[in-house]
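This report refers to the structure that appears directly beneath it.
The values are calculated or read from the model by the stated rules, or taken from the named source; none is laboratory data. The shown structure was predicted, so the numbers you read here are calculated from the model rather than taken from an experiment. Ideal geometry is used to build each Cβ from the backbone, glycine not excepted, and the neighbour counts take in all protein chains shown. Areas reflect the complete protein model, heavy atoms only, side chains present, ligands, DNA and RNA absent. Shrake-Rupley method; radii C 1.70, N 1.55, O 1.52, S 1.80 Å.
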Amino acid sequence: MLEFKHMSERDEPPAVRLSYGERTFTVVKGRVPLRVGRHQENDLVLRDSLVSRFHATIRWDADTSTPMLYDNGSQNGTTLNGEPVRGQAVAISDGDRIQIGSARFDVELLGEEEGAPALIERTSDSVTLFSDRGPEIGGEFNEGRKLHDVLQQLEVEQRSGTLHITCRPDASGAVQGGQVTVCLGRLMAATWGDLSSSRALDVMLSQTIKLGAYNFSRELDPTEFPLNMWYSDFLRLRNAEGQVTRSMSSEVSAALRRVARERRDP
C-alpha cells in the first residue's frame, strides 16, 4: 500500500515533475527536494516493504543544469529507465522513468534551464563551501533516523562540511557533543570529547540511544592527519575487527576449557 503526504505543486519554472498514476509531485529548481522512503519523515511516504526508510531523494540545485536522483544506499536499490541505481547519484532527463519499490514515476522537465556559479569563501580558520550542492541537514536522532543513516547520506550525496552532534543532557544537565568532517563524501576527521579520529567515530556510533540533535554546516576545519576514507569502508573495517576479536575470544575460551579438562583428567 502507498501513502502520500500532501505536497503543493508550484508553477514556477524550471522544475521537474514526477507523475505516479494520477498524482504529480513537483521539485522546483533551487528549492526543497523531494525525499522518498518508507519512514514518516519523508515528503513522499511509500508503504512498501521493498522501499527503505530513507530510500531516495530527487533534487534540482540552483547551480546545476539538470535535476538529480540520489539513491541513499537503499536495500533494494532504485532503477532509472530499467538500469539499477544504488548508492549513487544520476542526472534525470525529460521522459525518464524512475522505479522505487513497486512505484513507477514518469519524469517531465518544465521551463528553461539556467546555471549559477559556485563560490568558495574562506573565513578565519575554516572554509565555507558554497559549492556544496546539498540541502540543509538537521534534526533529532530517533528510532527512524540514526547517526548511521546520516553518515551514509553524506557519503552517497558526496557532501562537504561538518556534521555537529549533541547528546541528550545527562542527570547533571551536562551536554556532550562531537563532530564529523567530510569532504566530497569522504570522512576526514571526527572528534568526541577527548577522542579523535576513528576512535571518536566508533564511540559516537555506539551512543545511539543517547544522541540528541544533529546539524550539518558547509564549513570545514583543516585537519593535519585526515582519515580520508569512505564511511562504508570504515564500517567494513569495524565489522572485520569485531569478527577477529570474537574469533580470538572463542579460541581463548576453547584453550581454557581444554586446560581445565586436562587438570580434571590428568
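For the range 135-144, taking the residues that are open to solvent by less than 30 Å² (accessible area, probe 1.4 Å) and over 25 Å from G30 (Cβ atoms), the one that is modelled with the highest pLDDT is identified as F141.
Taking the range 143-179 only, how many residues are on the phi > 0 side of the Ramachandran plot and in contact with an Asp or Glu (Cβ under 7 Å, 6 or more places away or on another chain)? First the steps, then the outcome.
Our first condition is that a residue be on the phi > 0 side of the Ramachandran plot; within the range 143-179, this holds for 158, 161, 173.
Those left that are additionally in contact with an Asp or Glu (Cβ under 7 Å, 6 or more places away or on another chain): 161.
So the answer is 1.
Just one of V203, V175 is among the aliphatic types (A, V, I, L, M), more than 21 Å from H39 (Cβ to Cβ) and in contact with a Cys (Cβ under 7 Å, 6 or more places away or on another chain); which is it? Before you say what the answer is, go through the steps one by one.
On the way: V203 fails: in contact with a Cys (Cβ under 7 Å, 6 or more places away or on another chain).
Unique residue meeting the criteria: V175.
Say whether the condition of being under 17 Å from V150 (Cβ atoms) and touching a His at 6+ places or on another chain (Cβ under 8 Å) is met by at least one residue in the range 51-62. Walk me through how you get there before you give the answer.
Going residue by residue through the range 51-62, those that are under 17 Å from V150 (Cβ atoms) are 52-57, 59.
Checking which are touching a His at 6+ places or on another chain (Cβ under 8 Å) leaves us with 53-54.
Yes: the range 51-62 contains one or more residues that are under 17 Å from V150 (Cβ atoms) and touching a His at 6+ places or on another chain (Cβ under 8 Å).
Could you identify the single residue in S19, S52, S8 that is modelled with pLDDT of 80 or more and part of a loop (DSSP other than H, G, I, E, B)? Result: S52 is the single residue among S19, S52, S8 that is modelled with pLDDT of 80 or more and part of a loop (DSSP other than H, G, I, E, B).
Residues in the range 80-89 that are part of a strand (DSSP E or B) and surrounded by 13 or more Cβ atoms within 10 Å (Cβ to Cβ): L80, V85, A89. Scanning the range 31-88 for residues being under 17 Å from the mean Cα position of the chain (by Cα) and charged (D, E, K, R) gives a total of 8. Looking only at the range 64-79, residues that are in a strand (DSSP E or B) and surrounded by fewer than 16 Cβ atoms within 10 Å (Cβ to Cβ) come to 0 in all.
Is it the case that some residue within the range 90-105 is modelled with pLDDT under 90, outside any loop (DSSP other than H, G, I, E, B) and crowded, with 20+ Cβ neighbours inside 10 Å?
Step one: of the range 90-105, the residues modelled with pLDDT under 90 are 90-91.
Still in the list and also outside any loop (DSSP other than H, G, I, E, B): 90-91.
From what is left, the residues that are crowded, with 20+ Cβ neighbours inside 10 Å are none.
No, the range 90-105 contains no residue that is modelled with pLDDT under 90, outside any loop (DSSP other than H, G, I, E, B) and crowded, with 20+ Cβ neighbours inside 10 Å.
For the range 187-225, filtered to residues that are modelled with pLDDT of 85 or more, open to solvent by 60 Å² or more (accessible area, probe 1.4 Å) and not hydroxyl-bearing (S, T, Y), the residue that is nearest to Q88 (Cα to Cα) is N215.
If you go through the range 155-167 and keep only what is at pLDDT below 85 and either in contact with a helix residue (DSSP H, G or I) (Cβ under 9 Å, 6 or more places away or on another chain) or not in a strand (DSSP E or B) (or both), you end up with E155, V156, E157, Q158, R159, S160. When the range 26-53 is limited to residues that are hydrophobic (A, V, I, L, M, F, W, C) and touching a residue at least 40 places away in the same chain (Cβ under 8 Å), the one that is surrounded by the fewest Cβ atoms within 10 Å (Cβ to Cβ) turns out to be V32.
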